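The values are calculated or read from the model by the stated rules, or taken from the named source; none is laboratory data. A quick note: this is a predicted structure, and the numbers were derived from the prediction, not measured. Please note: Cβ atoms are built from the backbone with ideal geometry, for glycine as well, and neighbour counts cover all protein chains shown.
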């Protein structure tokens with residue numbers, strides 16, 4: 001089987017679900033009342049929670065910030081978190097299907113008939129028509145060509161575990177970011193975090209490309225590939241998290257609440273005196 005067919009095994013289902021899932025989410029958002037709130041509260045319960053007050057009213061708790069139900073700020077937050085969840089699903093699809101259906105290795109063993117090996121080229125426009133190379137050929141034995149091998153597998157447990165790992169790690173990272181940001185009294189920290197995360201994503205992508213283009217790519221076996229993809233997905237989601245949530249509005253609301261509490265405390269002291 002030509003190399004291109006192995007690439008299609010991962011590419012086709014990934015692209016298909018990348019189209020179906022956002023479309024289904026958009027339809028649900030339009031048809032189901034408060035769909036964004038449901039997704040936000042059930043997928044990221046440590047970030048946003050529904051709160052029933054003693055007077056029977058409902059408010060929403062975003063970490064330490066209480067937001068009234070039905071406000072524009074709440075809609076922006078739930079919509080942003082809903083988009084973040086959609087991005088999370090789409091971002092793990094390539095990793096999920098590769099771990100589920102394909103095993104990549106870089107050693108050519110003539111006794112293994114279950115996999116096909118090809119000459120590796122970092123940039124090859126004819127990759128889809130490349131035929132398998134024999135592991136007993138002179139070029140392979142002399143190590144004059146670099147090899148990449150594909151094997152069709154079915155590893156549901158590995159794929160699900162790695163994908164869930166991305167969700168848990170990302171959730172923890174975003175929870176930490178939310179706590180750190182809302183502890184600040186100014187919005188400057190938001191810009192700093194955005195810049196740091198952008199640089200981290202760019203550097204990480206650059207390192208991955210460099211490793212893939214060098215002989216170090218042999219270390220990108222299934223386990224290492226999973227860890228690297230999880231780290232990259234977490235950084236990317238954290239970066240988007242910084243833009244999808246209106247942090248500056250939340251910080252301003254916290255400052256207003258602190259000011260109000262301070263004034264009320266001052267009035268209480270005056271009355272007691």
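Computed values, structure above
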{"read-out": "Test: residue 150 is within 26 Å of residue 95 (Cβ to Cβ), at pLDDT 85 or above and over 25 Å from the mean Cα position of the chain (by Cα)", "value": "yes"}
{"read-out": "Qualifying position, being in contact with a helix residue (DSSP H, G or I) (Cβ under 6 Å, 6 or more places away or on another chain) and part of a loop (DSSP other than H, G, I, E, B), among 145, 190", "value": "145"}
{"read-out": "Filter pass, residue 198 being modelled with pLDDT under 90 and either touching a helix residue (DSSP H, G or I) at 6+ places or on another chain (Cβ under 8 Å) or under 21 Å from residue 114 (Cβ atoms) (or both)", "value": "no"}
{"read-out": "Close pairs (6 angstrom Cβ cut-off, 6 or more residues apart or separate chains): at negative phi and at pLDDT below 80 in the range 42-59, surrounded by fewer than 16 Cβ atoms within 10 Å (Cβ to Cβ) and assigned to a loop (DSSP other than H, G, I, E, B) anywhere", "value": "58/69"}
{"read-out": "Hits in the range 96-131 (condition: modelled with pLDDT of 85 or more and in a helix (DSSP H, G or I))", "value": "96, 97, 98, 99, 100, 101"}
{"read-out": "Lone qualifier among 27, 77 - being touching a residue at least 60 places away in the same chain (Cβ under 8 Å) and not in a strand (DSSP E or B)", "value": "77"}
{"read-out": "Out of 172, 157, sole residue that is in a helix (DSSP H, G or I) and surrounded by fewer than 11 Cβ atoms within 10 Å (Cβ to Cβ)", "value": "157"}
{"read-out": "Extreme residue, surrounded by the fewest Cβ atoms within 10 Å (Cβ to Cβ), among residues of the range 16-37 that are touching a helix residue (DSSP H, G or I) at 6+ places or on another chain (Cβ under 9 Å) and within 22 Å of residue 68 (Cα to Cα)", "value": "32"}
{"read-out": "Selection from the range 217-247 of residues that are at pLDDT 70 or above and either assigned to a loop (DSSP other than H, G, I, E, B) or more than 23 Å from the chain's Cα centre (by Cα) (or both)", "value": "245, 246"}
{"read-out": "The one condition in (1) in contact (Cβ under 8 Å) with a residue 12 or more places away in the chain; (2) over 20 Å from residue 108 (Cβ atoms); (3) assigned to a helix (DSSP H, G or I); (4) over 18 Å from the mean Cα position of the chain (by Cα) that residue 140 fails to fulfil", "value": "(2)"}
{"read-out": "Residue 67 vs. criteria closer than 25 Å to residue 256 by Cβ and in a strand (DSSP E or B)", "value": "yes"}
